[in-house]
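Pasting a structure here, questions to come.
Laboratory data are not the source of any read-out in this text; all were calculated from the coordinates shown. This structure is a prediction, so every number in the text was calculated from the model and none was measured. Please note: Cβ atoms are built from the backbone with ideal geometry, for glycine as well, and neighbour counts cover all protein chains shown.
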Amino acid sequence: MTAPETASPLPIDREVAAELLRVITPALTARVRTDGLPLSARTVAVLRQLHDAAERPAGQPTADVGSEDHPTPTVELAVVEAARRLGCRPRWIRTLLESGRLRGRRVHPRMWLVDEASLDELRFGRTTRGRREDPAQC
């Protein structure tokens, strides 16, 4: 059985999700560093859902049942994929993220997910936050 691309939030308690992330993330990070291979898209999707469940405010429903107002899903990329698309090194992407010139979120102290729309703004020369970024700086 394959998981759909856009799954509803995991019906999991936020404390349990936070604990799972604390245990899983360092092990996955170590595996990625050892193997040198990125995580699969399905694994990243599960990690993203765990993160969202851990960040969910208390009392917020765990499922999107009966909701008519569905927000537009945000597409996020790994730093390595964002660097490949921009034609630069992953370190430059992290620098842009840390300075706020590129939108993204930290999933773990050493793992970022890059907002694809923000990366496209940077790639195609549109201005972001009043400044025009130069991809040639990579």
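Fully extended, how many nm does the chain gain between Ala30 and Asp13 (0.36 nm per residue separation, minus their Cα-Cα distance)?
Fully extending the segment from Ala30 to Asp13 adds 3.5 nm.
Grab the other residues whose beta carbon is less than 10 angstrom from that of Glu76, score K and R as +1, D and E as -1, and report the net.
Cβ neighbours under 10 Å give a net charge of 0.
Quick one: which of 26-33, 49-56 comes out on top by average Cβ neighbours within 10 Å, and what's the full order, highest first?
Ranking, from highest mean packing down: 49-56, 26-33.
Order of 88-95, 17-24 by packing, highest average Cβ count within 10 Å first?
88-95, 17-24
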